[in-house]
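Accompanying notes for the structure given below.
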Amino acid sequence: NVRMTFAVLFSPNASGAEHSNLYDISCAATTTKACVSVGKTEGGGKSDPYAQAWNGTSWSNVSAVVPEGASAGELQSVDCLTFSETLLGCFGAGSYTSSGVTKSLILSGNNGSGFATIQATPNPEGASETAFKGMACRTFTACAAVGYSVKSGKKTAFAVELNSESKWATQSLPEPEGATSSELHGVDCPTTTFCMAVGSYTVRGGSVWAWSATWNGTSWTLQTVSKPAGSIRTVLLDVSCSSTSACAGVGIYRDSTGLQTSLVERWNGTSWSHQASANPVGSTNT
């Protein structure tokens, strides 16, 4: 095990905003001098996509374009393509609301200087709400964004892929057996032909369980997530993969006494297994 030391780094808030929120971060792999973080700002009853950049010394606000007519918007996830110590370009994923309908949102930008371009993304016909929660890119023509869509009152996992024609296309996803609703929270793509997505689903009666799916460059395949002994609820919130046979998923689970603790799962290329993880002493909700 490697012990890491964390320090608080102060960051600015958007000018005039009542609240600023950051949800995700992406950094150049070989340096501590280039990162981008995304979230949202709130003020005057409205929210907007928000982004910051790190240059190795300080954080600064960078631009994030707002879709025309949007009454609300946010970026939930970001992934940047890098070369050595340079950010070549970033994709931020989230959602925005216009005329009472929430739609998927992907913004792109170059060199960590901001998000100036709105990517054309599909939304399921008739959906009242579609939102992305996770984003992963391997190249400028190999990305995946995952989240959920709500249609006729049912929430269903949703995923799109950026293809070689630089177009985002909806991908068919399997649904866990017995699911009354499902969504995906995180995704990682260590190669152009492999992605791992994780999330949660609800069954009749209200129980919630973690689930995952893998992408092989052509289709998604459902993957069962192991349950800690005695657990009555599990959720995976994010995933990181170093290869097609090495992923770590993190989230929460609730035991039979109602105590909520951290959940760590490891993927070995074939299956998931539960890993013991530490929780702060005395905590009742981790």
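The values are calculated or read from the model by the stated rules, or taken from the named source; none is laboratory data. Note that the structure is a prediction, hence the values are computed from the model and not measured. Counting neighbours? That spans all protein chains shown, and the Cβs are built from the backbone with ideal geometry, glycine included. Surface accessibility is based on the protein's heavy atoms, side chains included, excluding ligands, DNA and RNA. Shrake-Rupley method; radii C 1.70, N 1.55, O 1.52, S 1.80 Å.
What to note about this one:
- Hull-based mean projected area of region 60-130, where the convex hull spans the alpha carbons, in square nanometres: 5.2 nm²
- Highest-MSF residue in the chain out of S98, S26, S149 [GNM, Cα springs under 10 Å]: S98
- Heavy-atom SASA rank of D255, D238 (probe 1.4 Å, accessible area, largest first): D238, D255
- Convex hull volume of the Cα atoms of the chain, normalised per residue: 154 Å³.
- Counting all C-alpha pairs of region 115-172, share separated by more than 13 Å (%): 61 percent
- Per-peptide average of other Cβ atoms within 10 Å, ordering 239-251, 177-189, 271-283 highest first: 177-189, 239-251, 271-283
- Nonpolar atom fraction for region 39-152, defined as the carbon and sulfur part of the 1.4 Å probe accessible area, stands at 45 percent.
- Cα centroids of region 85-109 and region 195-215: 24 Å apart.
- Only alpha carbons enter this Debye calculation for region 137-286, each as an equal point scatterer, and the log10 of I(q)/I(0) it gives at q = 0.18 Å⁻¹ is -1.04.
- Centre separation in Å (Cα based) which lies between region 250-282 and region 33-55: 30 Å
- Per residue, the accessible area of region 50-122 comes to 41 Å², computed with a 1.4 Å probe over protein heavy atoms only.
- Structure remark: mean-square fluctuation, Gaussian network model of the chain, C-alpha springs under 10 Å; the largest value among V66, V101, V225 belongs to V101.
- With R₀ set to 45 Å, the beta-carbon distance separating V8 from S245 gives a calculated FRET efficiency near 0.80.
- Pairwise inverse Cα distances across region 1-125, averaged and inverted, put the Kirkwood hydrodynamic radius at 15.1 Å.
- A Cα-only calculation for region 199-265 places Rg and Dmax at 12.9, 42 Å.
- Mean Cβ count within 10 Å, highest first, over the residues of peptides 53-61, 125-133: 125-133, 53-61
- Residues whose amide H lies under 5 Å from that of D238, counting only those 5 or more places away or on a different chain, are V250; hydrogens are built 1.01 Å from N in the peptide plane.
- FRET efficiency for the pair K151 and E85, taken as 1/(1 + (r/R0)^6) with r the Cβ-Cβ distance and R0 = 35 Å, rounds to 0.20.
- Distant alpha-carbon pairs in region 1-60 (separation over 17 angstrom), percent: 47 percent
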